[in-house]
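Here is the structure we will look at, set down as structure tokens.
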Amino acid sequence: MDDTDDVEAVVASVPGAALPADVVAWWRLDGVAATVWIPLDFAPLEPAEALDVRDTLVRVAREEAARSDDHAAAAEYLPGFLPIADNAGGHHLLVDLRSGEPTFGAVFLWDHETPELGVPLWDSVSELLANAAEALDDAHPDLASFTTPSAESPPAPLPHPVDWTAVETWLGSRLPDDYKQLADRYGPLDIGEYLWIHVPCVRKDHFDYGDWLRETHRAARIAARQLPEGERPAVHPHPCGLLAWGHSRGGDVLFWDTSVSEDPGRWTVVVQHSHPAPGSGLLPFHRYDLTLTGYLRHTVRAAGEQPFPPGPLLGPLLGPLPGSIARTRYLPTAEPWTPPAPTAPRLTEAERRIAMETGTGLDALRLLSPPPERPYLGGGTWEGLFGELGTRLPTEYVELMEVYGAGDWGEWLRFLTPLRTGERRFVTRVEQVLGAYRMHKDRHPHHYPLVPWPEPGGFLPFANSYDNDYLGWLTAGPDPDAWPLIVWPRHAEQGPALADGLIDTLLAWQRGALVTEGLAGLDEEDDPVEKAGFDAWDDSAYW
């Protein structure tokens with residue numbers, strides 16, 4: 001690559017700036033291949049090419065700035081950067097030549113479709129070259145050495161750096177360097193259109209890293225308890241527990257085994273296989289003698305390659321994944337995740353005793369699950385609903401709805417909007433549910449023993465779960481206040497009516513004292529006060 005005149009021309013072309021010493025040293029090396037060997041599928045530019053490309057980038061930025069203010073900043077700062085590599089997608093790696101800036105010498109990704117630089121991919125060319133050397137070492141493969149960025153949705157770093165010190169403090173553990181490097185350079189990642197790698201990021205109403213870890217670890221603890229005692233893995237935050245980092249479209253969950261070593265770089269992968277086929281040799285929590293990068297390398301592999309232990313890596317019917325990498329589609333605008341600040345307990349000790357033990361009725365329920373300031377019922381009236389149904393509804397239900405309105409309890413049980421008018425009104429929802437029940441009953445009468453409303457004693461649903469279980473009344477007798485509650489469970493045989501009224505049933509369930517099919521139970525490590533709650537709806541809600 002050495003051409004002293006070209007290097008000197010580059011140095012002379014940046015008045016008021018400086019060419020980093022590691023760039024000069026690199027360009028003066030002999031025999032540097034002009035092929036794709038830099039991570040992210042980049043090939044190096046010769047010094048003369050670098051000048052030409054920079055002139056082109058600056059010219060285009062200025063032309064775009066004349067048409068749009070979005071490119072004005074780029075037209076100003078681009079002359080202080082120098083391209084050192086490009087790829088087939090038209091992107092470039094730029095070195096910061098601004099000697100007075102904190103990022104002097106750092107390497108940035110320039111996406112020709114986005115005028116912002118974002119955060120550096122590498123702090124220096126020296127770091128870039130060291131990373132490239134690791135990628136070329138079979139023992140430490142880099143993702144770029146065996147994958148290809150998607151043309152439609154290429155991976156991209158988060159708009160701001162992850163605060164790894166804060167994340168690791170919140171976790172109570174350091175994380176593997178290859179994971180942190182992957183997260184910094186690629187952001188949330190989809191590999192082979194099958195495997196998601198989750199990084200510390202957040203997108204409102206779509207993904208929160210901290211929430212995902214808590215729920216994933218909770219589900220893993222529950223699953224582990226179904227195994228013989230000697231086969232149950234510990235799960236974070238337990239010491240040396242499994243720590244999640246991804247999952248697959250097939251429902252497999254991927255963890256590190258933190259018990260392997262005090263050095264996170266030596267942690268190996270454990271996969272919780274969702275449906276291991278009999279005879280496949282896969283265990284419910286299958287251990288692989290591979291680090292994160294090694295596991296990914298063997299997941300994206302040639303047909304003749306086999307990982308250790310032998311066997312498929314993501315399921316008994318799945319072969320090697322294609323080597324495509326893309327930005328996770330549901331996280332296109334994700335931001336770095338910040339650990340939540342410590343907060344005081346929601347309830348005092350005295351309030352907690354009332355909510356969990358001594359309190360009764362609505363007073364205790366209000367403490368456990370605070371109601372909204374403005375309950376949403378819909379635009380109709382109770383008299384109108386009773387007239388359409390041909391019966392009034394239990395007084396306790398009306399009182400509860402006047403306090404809470406429509407919404408979901410404990411992120412599980414959804415109460416239909418009672419007074420909505422129009423096509424989405426309460427009676428329409430009830431008729432849809434009972435139409436499905438009649439169809440099932442005609443086909444399998446022994447499994448569906450309830451009589452649908454409006455037949456005497458018929459089942460009248462008013463709430464459903466996120467898994468399509470239904471809660472309703474058996475409309476037996478002329479007095480609605482005497483109607484018993486019953487659950488129609490989706491994944492179990494029909495059980496008997498519940499013993500208590502609606503408010504006591506909700507209170508017992510949220511306390512963890514009621515266990516019945518169709519109502520999701522608490523795990524033994526759950527805090528009922530944290531898991532309880534009510535999320536109120538408005539008119540935009542489907543139900």
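What the table shows:
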item: Efficiency of FRET from Cβ geometry, ALA219 and THR338, R₀ 22 Å, rounded to 0.05; result: 0.35
item: Sorted by Cβ neighbour density within 10 Å, fewest at the top, the residues TRP382, TRP122; result: TRP382, TRP122
item: Shape parameters for the range 164-336, alpha-carbon atoms, Rg then Dmax in Å; result: 15.5, 44
item: Length gained when the stretch ASP205-ASP481 is fully extended (0.36 nm per residue, less Cα-Cα span); result: 95.5 nm
item: Percent RCO, i.e. relative contact order, over the range 349-536, from Cα pairs under 8 Å lying at least 6 residues apart; result: 24 percent
item: Label-to-label distance, nm, for residues given as GLU524 and ARG346 (7 Å Cα→Cβ offset); result: 2.5 nm
item: Using alpha-carbon coordinates, inclination of helix 426-443 to the longest axis of the chain, degrees; result: 80 degrees
item: Sites matching GluC sites (Glu not before Pro) across the range 198-293 that sit in DSSP coil, with at most 16 neighbouring C-beta atoms within 10 Å; result: GLU262
item: Order of LEU227, LEU51 under a 10 Å beta carbon neighbour criterion, fewest first; result: LEU227, LEU51
item: Sorted by Cβ density within 10 Å, fewest first, the residues ARG366, ARG438; result: ARG438, ARG366
item: Length-normalised contact order for the range 164-336 - Cα pairs under 8 Å, 6+ apart - percent; result: 24 percent
item: Residues TRP212 and ASP177, FRET efficiency given R0 of 22 Å [Cβ-Cβ distance, rounded to 0.05]; result: 0.50
item: Computed Kirkwood radius, in angstrom, where 1/r is averaged over Cα pairs of the range 349-536; result: 17.2 Å
item: Mean Cα-pair separation over length for the chain, i.e. relative contact order, pairs under 8 Å, 6 or more apart, %; result: 9 percent
item: Cα shape, the range 486-543, gyration tensor, a/c 1.5 rule; result: oblate
item: Computed FRET value (nearest 0.05) for VAL403 with THR428, which takes r as the C-beta separation and R₀ as 25 Å; result: 0.50
item: Value at 222 nm in deg cm²/dmol, rounded to 500, when DSSP H runs of n ≥ 4 in the chain each add -39,500 (n - 2.57); result: -8500 deg cm²/dmol
item: For the chain, Kirkwood radius (reciprocal of mean inverse C-alpha pair distance, Å); result: 27.8 Å
item: Lys/Arg +1, Asp/Glu -1 at C-beta; the chain dipole; positive extreme among GLY379, PRO188, SER126; result: GLY379
item: Computed lengthening from HIS491 to GLU262, 0.36 nm per intervening residue step minus Cα-Cα distance; result: 78.2 nm
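A short reminder: the numbers here are calculations on the coordinates, not readings from a lab. Worth saying up front: this structure is predicted, and the values here are computed from it rather than measured. Glycine also receives a Cβ, built like all others from the backbone with ideal geometry; neighbour counts cover every protein chain displayed.
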